[in-house]
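Structure record follows, encoded as structure tokens.
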Amino acid sequence: MPMDELLLLLARKKAHIAPLRMTTAELGSLLGMSQQNASRRLSELESRGLAERTKKGIALTKKGISESHSLYSELKSVFEAEPLSLSGTITSGLGEGRYYMSLSGYKSQIRKKLGFSPFEGTLNVKLAPQEAAKKSSFLKSAEPAIIKGFSQGERTFGELYAYPCTIEGMKCALIVPLRTHHPSEIIEIISAASLKKTLGKRDGDKVRIELG
């Protein structure tokens, strides 16, 4: 639904409650346009049945009020929407996260791209089936930091995607390695400090990961 700045102005001036006594020159001045443009825009609202000029002034019609409410609801849903989140249960990992997060090839990139040096370990969270089903949409809603793969000695280490997020206000990132031994319902979280110790969590506790 396109937003009409004149419709918005009339609503702000409470033309839905009582007719607004204002000339098109005054409307144009408030909107930063000429009197002719303001008059044309008002005529367009009238032709769409959203506003009407009466002897008492300019008023929003029932249709205009309804459209204003729809615009308000749409904007409210955008700016007051709950952040995307995943919920799960903390579970023990295989200990691999500690090793991988100790490698300088990963640590230096994470520090540069995410703004923190990772604690040597990951928080493993098991998603319930309904939460695991949301995982794909959750990840598609954000632009990940790409941590490139590298070689160290005779070994090569794969690329991973890091999605900035928070847990109880603590800055962290959900990492998705291109090569992993974890099933899809297990996600790994990294942060600058031990999330378990900092948040006072243990295996079996519930956590909520918020995107962004």
In the list L195, L178, which residue meets the criterion of being of a type outside the set (G, A, S) and surrounded by fewer than 17 Cβ atoms within 10 Å (Cβ to Cβ)? L178
Please pick out the residue among G212, G158 that is in contact with a Pro (Cβ under 9 Å, 6 or more places away or on another chain), in contact (Cβ under 8 Å) with a residue 12 or more places away in the chain, surrounded by fewer than 18 Cβ atoms within 10 Å (Cβ to Cβ) and closer than 16 Å to K113 by Cβ. G212
Would you mind stating whether F119 is over 23 Å from K196 (Cα atoms), more than 22 Å from the chain's Cα centre (by Cα) and surrounded by 15 or more Cβ atoms within 10 Å (Cβ to Cβ)? no
In segment 14-32, which residues are small (G, A, S) and either under 15 Å from L60 (Cα atoms) or in contact with a strand residue (DSSP E or B) (Cβ under 8 Å, 6 or more places away or on another chain) (or both)? A15, A18
Answer yes or no as to whether K107 is in contact with a Ser or Thr (Cβ under 8 Å, 6 or more places away or on another chain) and part of a strand (DSSP E or B). no
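The numbers here are math on the coordinates, done by the rules we state, and not lab data. Quantities reported herein were computed from a predicted structural model and do not represent experimental measurements. Reconstructed Cβ throughout: ideal geometry from the backbone, glycine too, with neighbour counts over all protein chains shown.
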